[in-house]
Amino acid sequence: MEKHVMQYQTVHFNLNGRAVERTVDVRASLTDMLRNDFRITSVKKGCEVGECGACNVLIDGEAFNSCIYLAVWAEGKRIRTLEGLLGPNGELSDIQQAFVDEAAIQCGFCTPGFILTAVEILESGREYTDAELRKLLSGHLCRCTGYENILRAVKKTMYRRLGKTVD
Amino acid sequence: MYDMKALYQAQSVSDAVALRQTHPEAHIIAGGSDVLVQMREGKRAGVELISIYGLDELRGVSLEEDGTIRIGSLTSFSHITRDPIIQQYINVLGEAVDQVGGPQIRNIGTIGGNTCNGVTSADSASTLHAYDAIVELTGPDGVRRQPISEFYIRAGKVDIREGELQTAILIPKESYADTFGHYIKYAMRNAMDIATLGTSVNVRLSADKKTVERVRVAFGVAGPVPLRAKTAEALAAGKPVSMELTEAFSQAVKEDINPRDSWRAAKDFRLHIAVESARRAFIESVKLAGGEL
């Protein structure tokens, strides 16, 4: 059997608005690269098989579980994580604040993933029904909150951004 | 880190074909939502991978000159659901793939990967069978086209030959024109679950909406590979739209299917939901087509 040869590749991409590059092991997942090479620790290692959504990031505006995404596929992509949502002085974005206000957080492990999916939902500029929102949020597991507060945080932010009154 | 021996990233379809010939043992990885998970489970540990994920030329839905709908093999489920061509002509496919996994899986998962896995439960498979889809494979000798029913050989095994990769799924106009369809996924949960049974029906009614000109019904998990229930299709063709026909049609699906007992469901239960799903999907399809039941 032939000997395994270490294989590295340099990846260039945009991370939270900044052009970056790294030489990575081709076996690395995007979660591995973001956490180990960039110290982006909002990206959580949960199930590592694409079921729990804790490692979710936005790639070119769409939500992806970074645990089942090869790091080398990031080449040329625009990647956003929770860190990219903060204002210049570390201010929380509206959706983050809504999670705080609605007590949509307990242990916080699922929160970054949920919020990035919420960002994808909110950036569509559309108004969704509760049923649609539940389906759109269904790729995340939360073992603390029971989901209702999360749904409310996303819904209220959606209405605010659409300039509608929140009940 | 994934336990892979080597990763070869294809730069074009012809490069992918060349890589397939140079590394015949390597597995193709498209979106990776099955391949990487299986690698993590140890099933594909230590293999070489040929990544085709970067081949943007295999993404997107288009209408060819003769009316054939061409779906690039790397088109993600979410892009299929949102595509205007799919929504206009074959909306049931968009609805079916909108039931795969969860939102993030639908952003990474591809229709090519879904079919090349050869699993009977794939949410796209029954609808593609119900529309007599053609699988386009590109290899060293050029392009080969094969009906999807022949593409599936047995559970987990499809007809991809040496040096080949799947490059598109084609739906001929004759197959989809003037049809309306409905897909029912029966599963224990609404998200992140695999179908206990998948049922896809589409109908073409006469101009006055009174007669079934053609009906197609295909199932996933009703046998080792996705399959059509042709006895039921033949029984309903040319008959007046009625509830009696609906009952006869749905009972007749049992003639052609052969579900098994598994930990997900018993054979008897699958037969029961096959009849019930066929009935409901037929009724819904007829209504979408403008018929009355």
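The values are calculated or read from the model by the stated rules, or taken from the named source; none is laboratory data. What you are looking at is a predicted structure, and each value in this text was computed from that prediction instead of being measured. Positions of Cβ are generated from backbone atoms using ideal geometry, with glycine treated the same way; all protein chains shown enter the neighbour counts.
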- [ ] Check A:61, A:53 and return the single one that is among the small types (Gly, Ala, Ser) and surrounded by 16 or more Cβ atoms within 10 Å (Cβ to Cβ).
- [x] A:53
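Which residues, taken from the range B:80-136, are free of Cβ contacts under 8 Å to residues at least 12 places away in the same chain and buried (at least 24 other Cβ atoms within 10 Å of the Cβ)?
Just the residues of the range B:80-136 that are free of Cβ contacts under 8 Å to residues at least 12 places away in the same chain, to begin with: B:84, B:87-88, B:104.
Once the filter is applied, which keeps residues that are free of Cβ contacts under 8 Å to residues at least 12 places away in the same chain and buried (at least 24 other Cβ atoms within 10 Å of the Cβ), the range B:80-136 yields only B:104.
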Open item on the list: Take residue B:66 and tell me if it is in a loop (DSSP other than H, G, I, E, B), crowded, with 22+ Cβ neighbours inside 10 Å and not assigned by TED's automatic domain parsing to the domain that holds residue B:197.
Closed with: no
Task: Exclusive hit being surrounded by fewer than 19 Cβ atoms within 10 Å (Cβ to Cβ) and under 16 Å from the mean Cα position of the chain (by Cα), set A:137, A:162, A:86 - done: A:86
TODO: Test residue A:131 against the criterion of being assigned to a helix (DSSP H, G or I), more than 15 Å from the chain's Cα centre (by Cα) and within 14 Å of chain B (Cβ to nearest Cβ), and give yes or no.
DONE: yes
Open item on the list: For the range A:73-115, give me each residue that is within 30 Å of residue B:50 (Cα to Cα) and not aromatic (Phe, Trp, Tyr).
Closed with: A:74, A:75, A:76, A:77, A:78, A:79, A:80, A:81, A:113
TODO: Could you list, in sequence order, all residues of the range A:101-118 that are aromatic (Phe, Trp, Tyr) and part of a loop (DSSP other than H, G, I, E, B)?
DONE: A:109
Task: Candidate set: the range B:195-232, residues that are without any contact (Cβ under 8 Å) to a residue 12 or more places away in the chain and closer than 11 Å to residue B:291 by Cβ; chosen: the one surrounded by the most Cβ atoms within 10 Å (Cβ to Cβ) - done: B:206
- [ ] Scan the range A:21-39 and give yes if some residue there is away from chain B (no Cβ under 11 Å), in a strand (DSSP E or B) and under 28 Å from residue B:101 (Cα atoms), otherwise no.
- [x] no
- [ ] Please find, within the range A:68-85, the residue that is nearest to the other protein chains (Cβ to nearest Cβ) out of those that are closer than 13 Å to residue B:2 by Cα and not in a loop (DSSP other than H, G, I, E, B).
- [x] A:68
- [ ] Evaluate the following for residue A:65: is it farther than 24 Å from residue B:28 by Cβ, at the interface with chain B (Cβ under 10 Å from one of its Cβ atoms) and among the polar types (S, T, N, Q)?
- [x] no
Open item on the list: Conditions first: (1) surrounded by 18 or more Cβ atoms within 10 Å (Cβ to Cβ); (2) in contact (Cβ under 8 Å) with a residue 12 or more places away in the chain. Residue B:37 passes all but one, so which condition is the exception?
Closed with: (2)
Task: Selection from the range B:199-238 of residues that are under 20 Å from residue B:92 (Cα atoms) and among the acidic types (Asp, Glu) - done: B:213, B:233
- [ ] Report yes if some residue within the range B:51-70 is free of Cβ contacts under 8 Å to residues at least 12 places away in the same chain and at the interface with another protein chain (Cβ under 9 Å from one of its Cβ atoms); otherwise report no.
- [x] no
